[in-house]
Amino acid sequence: MKFDFLITRSFRQVVLRFLFLFCLVTALGLATLRGGTLVQFRSAFGDLELELYDNDKPVTVQNFIRYIQSGAYSNEFSHRLVPGFVVQGGGFAVINRGTTNVGIVPIPTFPSITNEFGVGRRFSNVFGTVAMAKLGGNTNSATSQWFINLANNSFLDAPDTNNLFVVFGHVIRGTNILNTLSAFQNYTGTQKSNLVANVDSLLGNVYYPNFASCPLLKPSFTETNLLFFDITLLQVSVKPVLGGHEISWNSATNLTNVVEFTTDFPAQWTTLVRTNGNGNRFTVLDSTASAQRFYRVRVEY
């Protein structure tokens, strides 16, 4: 059986997963060491937090980050949803969102990337992993499109040109949202707005939720009925400022974000700030004059 992803474009036990960005601050400047990049997929059903495999799939991760930083994923939506299989996006975006001039355009793509299935550790296409979509029959054709596995799809690891789909990260929070997506049903009604008709003309048969089973969506076809995934990075930076050092990062929504520091290793971490994230960029000031401090941002989930 052939499966092509054609580019048509838990006291509760608390698990502390450390997603670090260590910053060494010295009189000579900054040296940065990074762990797996944390990205956030924001949707009407809640937010997904994903950790990327920077060390194992560097080309794939940097390609994905490049699209995020370019703004390509800020108004993109899922154009393919197959319950029990995958949710796919990265191919199309909405322009003039929230206006009467709303429209849909293909996401401009950068050159295709080298397939990294055999680079670093091997990760299978199992539930909750994110992988790159590509052209059937062309192993090295991934560009902007990605998909999240809604089931254990290890057959996508098969060593042939139609498979070898590169997993470059996994969901660390929000698997309940994936289960919600798998409960969607195809909408078979006939009333469609011009926007939806435009989607159909670009993509063919578009997958819509059944409003009876998804009451969060309004029973009318507008852009709000599209499954948007606005993707951002938890980018942490440290810079010297007057009066100390400024630490800033994109906060993880509805999770406790903890900024900590240590002056020596083995590390004895001291909390500088604990705050509840809302998805916006946060900034804190460490006003202690120190020749050397290591910082990290930790997310509790």
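The values are calculated or read from the model by the stated rules, or taken from the named source; none is laboratory data. Computed from a predicted model, the values in this text were never measured in an experiment. Because the Cβ atoms are built from the backbone with ideal geometry, glycine has one as well, and the counts that use them run over all protein chains shown.
List of remarks:
- Against the conditions (1) at pLDDT 95 or above; (2) surrounded by 13 or more Cβ atoms within 10 Å (Cβ to Cβ), Phe155 satisfies every one except (2).
- Residue selected from the stretch 55-77 under the condition hydrophobic (A, V, I, L, M, F, W, C), assigned to a helix (DSSP H, G or I) and within 13 Å of the chain's Cα centre (by Cα), by the criterion surrounded by the most Cβ atoms within 10 Å (Cβ to Cβ): Phe64
- Residue match in the stretch 263-278 (condition: surrounded by 13 or more Cβ atoms within 10 Å (Cβ to Cβ), modelled with pLDDT of 70 or more, in contact with a Gly (Cβ under 6 Å, 6 or more places away or on another chain) and assigned to a strand (DSSP E or B)): no
- Pair list, Cβ under 6 Å, 6 or more apart: the stretch 264-280 residue over 23 Å from Thr253 (Cβ atoms), other residue surrounded by 10 or more Cβ atoms within 10 Å (Cβ to Cβ) and not basic (Lys, Arg): Gln268/Thr262; Trp269/Glu260; Trp269/Thr262; Thr270/Phe261
- Among the residues listed as Phe294, Phe211, the single one being of a type in the set (A, V, I, L, M, F, W, C), farther than 21 Å from Val102 by Cα, surrounded by 16 or more Cβ atoms within 10 Å (Cβ to Cβ) and modelled with pLDDT of 75 or more: Phe294
- Hits in the stretch 108-152 - residues which are β-branched (Val, Ile, Thr), more than 30 Å from Val94 (Cβ to Cβ) and surrounded by 22 or more Cβ atoms within 10 Å (Cβ to Cβ): none
- Among the residues of the stretch 78-95, those that are assigned to a loop (DSSP other than H, G, I, E, B) and touching a strand residue (DSSP E or B) at 6+ places or on another chain (Cβ under 6 Å) comprise Ser78, His79, Gly90.
- Among residues of the stretch 125-173, those that are outside any loop (DSSP other than H, G, I, E, B) and under 20 Å from the mean Cα position of the chain (by Cα), counted: 15
- Hey, Arg122 part of a loop (DSSP other than H, G, I, E, B) and on the phi < 0 side of the Ramachandran plot or not: yes
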